[in-house]
Each structure stands twice: as structure tokens, then as C-alpha cells.
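Every number here is computed from the coordinates shown, using simple stated rules; none is lab data. What you are looking at is a predicted structure, and each value in this text was computed from that prediction instead of being measured. Backbone-built Cβ (ideal geometry, glycine too); neighbour counts: all protein chains shown.
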Amino acid sequence: MIDLRLLREDPDRVRASQRARGEDVGLVDALLSADERRRSSGSRFDELRAEQKTLGKLIPKASGDEKAELLRKAGELSAAVKAADADQDEAAEETQRLALQLGNLVHPAVPVGGEEDFTVLETVGSPRDFAAEGFEPKDHLELGQLLGAIDVERGAKVSGSRFYYLTGVGALLELALVNAAIAQATAAGFTPMLTPALVKPRAMEGTGFLGQASENVYHLEKDDYYLVGTSEVPLAAYHMDEIVEADRLPLRYAGFSPCFRREAGTYGKDTRGIFRVHQFDKVEMFSYVTPEDAEAEHQRLLDWEKQWLTGLELPFHVIDVATGDLGASASRKFDCEAWIPAQGKYRELTSASNCNEFQARRLSVRMRDGKHIRPLATLNGTLCAVPRTIVALLENHQQADGSVRVPEMLRPYLGGRELLEPVAK
């Protein structure tokens, strides 16, 4: 959540942020009103408690009618204090409820608009000219079936649409990608983490996934647990309710986990193959830093993602995501989109988000800086979302005979093999 002092001091900035996101601007005024009630009811409670304590000191010294009158006033004060306390709690709950609905303040440099209004910051590599090479490229599903690597028919039979099996070399390819990603992250100073896939409501709410993104979250109602859509959630909650010494920062974690997404609202979109699925594995980078270092860390996360995609020899571009496509927690987000030959366009493979203090306030993760205790900043960046990375690898490195060249970086993790070859039927 945002700093309520900032809201009171510069509400127009918060209104502008909400407007840029395409979110409810009226929420700002509702929150201002609730916050004013919270503060005034708190002051009223403190005044009544002070009066009650003063009266309590007078009663033992009084006698007769004076004492009776003081006792009568004490009874009235007691009732007033209880009412003020209840009013204070109610106002605080309403303020918290509204504050949790408010998105993070967007960075001034973020382009304003919807999903298609991003700005391209950089293009790395060039798409292959398959026509010049003399053959029509196959899509990842056809290649995956030739290689004996992907089975979506049995995935649908067992679990329904948007589920799949990775078989044979497909399973080996996932393990190679995960191990290579963890190796890169570890070399960069990240601590490898295997994280829970089920989390309590506070962890999901604290990271900002129970607002506008809630339709894509799986909820186990009987147990009141949520299935995570990214290990960002358990990594953000890892230091929940803790105070971290400033000299320990930055703290960097690389989480590997299964991820679950309902993909609500995507009916008929990316239904072929494994590009958009309900369950997948992912390696996610997560950083805790001082607020002053957040923008620099955001660039570092992007650089690590670019290093990864360059190592996989994939053509890609970097975009500055527009305000309406940020998600509630991000102040700014950079996506790396790889070229997908069968689709003839760039599609998202990695994403790096600066959430500054937004998640830390919600999860009560703070830093001790000398004598001061204050929220720190959190950032997250995808290193390898496995299925989409497999899609990009198969399509970009395919050969005319249906085989697929293995990028040099991945070869040590695939037993040295240089080529994935079609299996005999």
C-alpha cells in the first residue's frame, strides 16, 4: 500500500496515478475521508482516556456527594471511552480496507495507456529469415510432437484444456533450463529457494494478487489456502512481520516453484500448445533493497534477464509496460519479449517489476537504518518461465528436418548434446 502521509500531502498525484492505471479515482477521496475519521476518532479516544485517568485519581480523595458525582461521571466516561474505541477500530478497518484496494503509484516515466501502448526500449538480435533458408518454420507444438517432447492430448484427457505433459527430451529440456537459470542466479549472488505452492490469504493479499488479479488465482475454499501464480508471493512474504538490518541489504532470492493461473478472460487466446497454460514451473528472482536503491536494482534485474535470453540466443526486445498493464503492485515494469516465428510477433518471456515500498508496507517488512525503522523496497523479475521459454527455443532454433539446435549455454545441462532430434515413430 502507499504511504498515507503522501496521500494526505499530495492527493492529486495519487488521483493521477489511479487515472493513468484506468482505476477508480473516487477511491482516493473515499480513503482520504476514512483516514480523517481514523485520525479524529483516535484523537477523541486519547482525549477521553486522559480525562478518565485524571478522574480516576480524584475519586479516592473525594467523599460524600462529591464522590458520588465523580463516580457518576466515571460511568459516563467509561461508556464514552468504549464507544470511541469501537469507532476508532471501525475507522481503522475501513481505512485499511480501502488502502488495500489502491494500486501503487506509477513511475513518472511509465507510458500512459493500455496493453498495446508500451514503449520499445531496446531490440536485441534479429529474427531468422526462414524463407531465405528455404523452409517454412513449424510451430512449437508440431516440433514438440516430432521430438517426443510435448503431449497436450493426454494432458487434456487427464486434467483438461491448457494442461500438458513434457516427455522424454521435453522433460530433460525443462530440467536443463531450470538448472541453468539457478546457476546464473547463484553466480549473480542470489540464494536459491524452493518455495511453498500454497500460501495463506495474507501472503497473497500482501503481494497485491487479491485485487484486480484475483480472477486468475486458484483458491482452496475448504482450507482457505491459495495456489501461487508465481514464487514472488512466498518470497515477498518470507520476511513478513520482520525487521531487517540495513547492512544485510540487498537480500536476493531465486525461487523455483510450480505456478498456477486460471487464465480467466483468455478464452480462445493462445489455445494451441503450451504458451498459455494453467500450471507451469518458473525461476523467479526477488530482491529486498533500500528504497533509495530500488531503481538501480530494477535495472540490474533487467540486465540479468537480458543476459539469460542472450545466452539462449533468442531475438527479443525490451518494453516499458504501459500504466494500464502494470498490475497493482508495480510502479514500473520492464518486459522482455522474444520473437516467436510461428506467431510472427514478439511475446512476453520475462518481466521485471519495481514495487518500491508497496508490498513491504502491506506485509510489514521493514529495515532498521541506524535508529530509524522504515519500510524497505521489493522487486521481482522472471528469469525462466519454462513453457514459454521452451516455445521460443524450439521455434527459433529449429532446423529444416524438424531437429532443434541446442544453444551452447544449455549444452552442459543436456549431457553435451548439440541437437534435439525427432524420434522414430
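Table for the structure above
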read-out	value
Whole-angstrom gap from the range 394-425 to the range 256-292, using each part's C-alpha centre	25
Around S257: net Lys/Arg minus Asp/Glu count, Cβ-Cβ under 15 Å	-2
Whole-Hz ³J(HN,Hα) from phi, Karplus 6.51 cos²θ - 1.76 cosθ + 1.60, for the range 82-93, glycine and proline x	4, 5, 5, 5, 5, 5, 5, 5, 5, 5, 5, 5
Inter-part distance where the range 15-45 and the range 296-331 are each reduced to a Cα centre, Å	32
Fraction of alpha-carbon pairs over 36 Å apart in the chain - percent	37
Candidate lysines - alpha carbon under 28 Å from K222, same-chain residues fewer than 8 apart omitted	K157, K200, K282
Sites A30 and E115, calculated FRET efficiency, Cβ-Cβ separation with R0 22 Å, nearest 0.05	0.20
Top of A74, A254, A109 by mean-square fluctuation, Gaussian network on the chain, Cα under 10 Å	A74
Rg(Cα)/(2.2 N^0.38 Å) for the range 140-244, N = residue count	1.36
Computed [θ] at 222 nm, deg cm²/dmol, the chain (DSSP H ≥ 4; -39,500 (n - 2.57); rounded to nearest 500)	-12500 deg cm²/dmol
Whole-Hz ³J(HN,Hα) from phi, Karplus 6.51 cos²θ - 1.76 cosθ + 1.60, for the range 323-334, glycine and proline x	4, x, 10, 6, x, 4, 8, 7, 8, 8, 9, 10
Most mobile of N380, N356, N216 in a GNM of the chain (Cα contacts under 10 Å)	N216
Efficiency of FRET between R411 and V124 - r from beta-carbon atoms, R0 25 angstrom, step 0.05	0.70
The range 119-420, relative contact order [Cα under 8 Å, separation at least 6], %	23
Table column - 3J(HN,Hα) (Hz), the range 410-423, Karplus curve with 6.51, -1.76, 1.60, x for Gly and Pro	8, 4, x, 8, 10, x, x, 5, 9, 9, 9, 10, x, 8
Chain lengthening between A424 and T167 when straightened (0.36 nm per residue, less Cα-Cα)	91.1 nm
Cβ-based net charge around N380, under 10 Å, with every Lys or Arg adding one and every Asp or Glu removing one	-1
Total formal charge among the other residues, if their Cβ is under 15 angstrom from that of G160, Lys/Arg +1 and Asp/Glu -1	+3
